[in-house]
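Before any comments, here is the structure.
Nothing in this text is a laboratory measurement; each read-out follows from the coordinates by a stated rule. Because the structure is a prediction, the values reported are computed rather than measured. As a convention, Cβ positions derive from the backbone with ideal geometry for all residues, glycine included, and neighbour counts pool all protein chains shown.
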Amino acid sequence: MSDDVREDDIKKAEFGPEAGPETISINMAVERESKSRVPRIFKAQAFQIFIVLIVIVIIFSIMAPNTFAQLSNLRLVVQNASILGVLGVGMTFIIITSGIDLSVGSVLVFSGVVSAMVMRAVGGDGWGVATIGILVAIASGLAWGIFNGLLISKAKVPPLIVTLGSLGMALGLAQIITGGIDIRQVPSVLTSTIGYGNVLGGIPIISVIALVVILIGAFVLHKTKFGLYTYAIGSSEEAARRVGVKVDRHLIKVYGMSGALAGVAGILSLSQFSTTAIAGQSQTNLNVIAAVVIGGTSLFGGYGTIFGTVVGLFIPAVLQNGFVITGVQPFWQQVAVGAVLIAAVYVDQVRRASAARGASTSLWRHFFARRKNT
Amino acid sequence: MSTPVLEARGISRAFGHVRALDDLDFEVYPGEVTALIGDNGAGKSTLVKALSGNLAIDTGTITFEGEEIQLTTPMQASALGIETVHQDLALAPHLDPVQNMYLGREVMNKGIAGFFGTMNTKAMAKESRRAFDELGATVRSLTSPVGSMSGGQRQAIAIARAVHWANKVVFLDEPTAALGVRQTKNVLETIRRVRDKGIAVVFISHSMPHVMEVSDRIQVLRLGHRAASLDAKDTNMEELVGLMTGASTRGAA
Ligand SMILES: Nc1ncnc2c1ncn2[C@@H]1O[C@H](COP(=O)(O)OP(=O)(O)O)[C@@H](O)[C@H]1O
Ligand SMILES: [Mg+2]
């Protein structure tokens, strides 16, 4: 109950208190629909961060035209970002509901481990065993996601705590069932196709899979009732409940989806690295969350896009790649990404504050205005 | 007198030691505006929540069109044609007016597109625009989040939504609280128009002139109990204020 109140307060802070009695002003007579949809795109944080990405790419391209600005390098960046892209789709949905999922990296590992063990037990190197492995990985991830969703919606344990718990549990169980030793037997059909296979003369299959997941995710989020309910719950759970949205069931689905996608990512990782890489995903959750937030999705819920998440993934990825190529100590990437993350959340705050006044939400105009004022 | 469309008998609801509703009787008739008045904390909002499926009652019975019902969810009330504008409006701030209007009742596309869960946004926008216009509501943009709109616009959207979906009873919990003169006039006109369609309107307000202007019947709440149920033609502002504050008593239920 007190939680609800706090939520309401946040929403109120976001949009301002009940505006006082409306004065009858001249512009009340102006009742026209805002004509063009285009300007809104420019105001979206996802678009602004996209410009930032373009600028970063241009700078590195000028600094290292023969190494950075090459198709082969672009391909490498895209390939490396693919697994995070799959996870980012689920995370975007979750953060829009004003939740969080810290468990994705561990669930990825757990799914990969269970899948690898099942495939090893079944034996063989063909698509038959690979298909079993894929289904097992997705099912394992889904199970963790539903576990998270049930605790969050039915037991009302905060998402941060639930997924922190399942982060530890999934990783711990993965270590218990393997004895802490990575499994390195992965069917060769997986490694040679998903792992390092290409289609259309050089497009990594793993990236095509990620793109399909991203496109489906964007469609579901932005075009369907399921997506609308995701926003509605993040915007005001109470409002959604009152009109009959089955909030609990929806949250279970959203966390279940994130878990299932972590299972998909588990198979992708297994294929790409030919090992369960149990210790290799400790930063994954934070990287994915950072990407989603950099992409303009509000940690307070109700606002965000898949496009933004994709852009948010590429900023760290491009920085990392560019620093290595230009000979800057790659540790700077962490510093830069941290700064971008803070900036993104700051911009979100500004946006939410100005939404309350119905004023401009443009980052550029905001900075411009600041400079004039001070 | 016709039979009440919605009737509460002896309902009580306590929050800890606070008896928000205390053995309360209440009824509304089709095609009538019933004003529900009372001091802050008298239990008006609690009553609205109880009669719209948003709050369970401890004891008492609720009757709809002569049949006893258990109201446990807002959807159940909606299915009966009962709609509510809550004092806090209960809109989703990040969604636009059309999405709010149709939330939980989306018009889906036909055929394959509908199978994939897409919505007929054009049809919903058109119908929403019509509903807002009918209300005389100044909803400037159908595609901006309602959270960025003024209190008046949000209130208009919430009222339009309730009026659009109700066909038996509309509860309006202080619908004019954030409104200016012109919009208040619109709301009062809307109340009359809805009533003339044969729908029962429950109007909660602290403004006695507005209450006197639109009501057919006035029920006064005091400390969770009905202090009086009066014919609007048969009373005046001084008496109402007296009843609300407990300075006088009359026609108690
Ligand atoms: N959810 C709640 N928890 C605790 N007390 C409540 C709650 N809702 C209402 N009350 C109490 O019930 C009484 C009636 O409140 P309310 O129905 O909001 O009054 P009104 O709308 O007439 O101003 C008040 O004393 C209020 O504090
Ligand atoms: Mg009230």
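Worth pointing out:
- Number of partner chain Cβ atoms within 10 Å, mean per residue of A:225-233: 5
- Extending 7 Å from the Cα toward the beta-carbon at both A:V335 and A:R184 defines two label points whose distance is 3.7 nm.
- Charge dipole (the protein assembly as shown, unit charges on Cβ, about Cα centre) - positive-most of B:L230, A:I95, A:L211: A:L211
- Point-to-point label distance, A:D248-A:I203, nm (Cα→Cβ direction, 7 Å offset): 4.4
- Which listed pairs, of B:K122/B:K168; B:K44/B:K168; A:K246/B:K197; A:K154/B:K110, have C-alpha distances above 30 Å, in listed order: A:K246/B:K197; A:K154/B:K110
- Amide H contacts of A:N198 (H built 1.01 Å from N, under 5 Å, at least 5 apart or other chain): A:I205
- For segment A:233-239, the Karplus equation 6.51 cos²θ - 1.76 cosθ + 1.60, evaluated at θ = phi - 60°, returns couplings of 5, x, 6, 7, 4, 4, 4 Hz by residue, with Gly and Pro reported as x.
- Measuring between their Cα centroids, segment B:144-160 and segment B:10-88 lie 25 Å from each other.
- Estimated from helices alone, the mean residue ellipticity of chain B at 222 nm is -10000 deg cm²/dmol (sum of -39500 (n - 2.57) over DSSP H runs with n ≥ 4, per residue).
- Modelled this way, with points 7 Å down the Cα-to-C-beta line, the labels at A:V157 and A:Q283 are 2.9 nm from one another.
- In plain terms, the chain from B:S2 to B:V107 could stretch by 34.2 nm, reckoned as 0.36 nm per residue minus the Cα-Cα distance.
- Here segment B:164-224 and segment A:268-304 have alpha carbon centers that stand 51 Å from each other.
- Counting charges near B:G16 (Lys, Arg +1; Asp, Glu -1) among other residues having Cβ under 15 Å from its Cβ returns a value of 0.
- Ranked A:I138, A:I325, criterion: other C-beta atoms within 10 Å, fewest first: A:I325, A:I138
- As a length-normalised measure over Cα pairs under 8 Å and 6 or more apart, the relative contact order of chain B settles at 27 percent.
- Built amide H within the under 5 Å cut-off of B:V85, gap 5+: B:F171, B:L172, B:D173
- Ascending count of other beta-carbon atoms within 10 Å, so fewest first, for A:I278, B:I218, A:I306: A:I278, B:I218, A:I306
- Model label zone, A:D125; criterion: amide N under 20 Å from point 7 Å along Cα-to-beta-carbon; scope segment A:175-199: A:183-198
- Other protein chain C-beta atoms within 10 Å of residue C-beta, averaged over B:142-150: 6.
- Residue by residue, segment A:276-284 carries 3J(HN,Hα) couplings of 6, 6, 4, 8, x, 10, 5, 9, 4 Hz when phi is fed to the Karplus relation 6.51 cos²θ - 1.76 cosθ + 1.60 (θ = phi - 60°); x denotes Gly or Pro.
- Taking amide H positions as modeled 1.01 Å from N, with prolines and chain starts lacking one, the residues under 5 Å from B:A227 and 5 or more places away or on another chain are B:V220, B:L221, B:R222.
- Fewest-first sequence of A:L150, A:L87, B:L91, A:L71 by Cβ atoms within 10 Å of each Cβ: A:L71, A:L150, B:L91, A:L87
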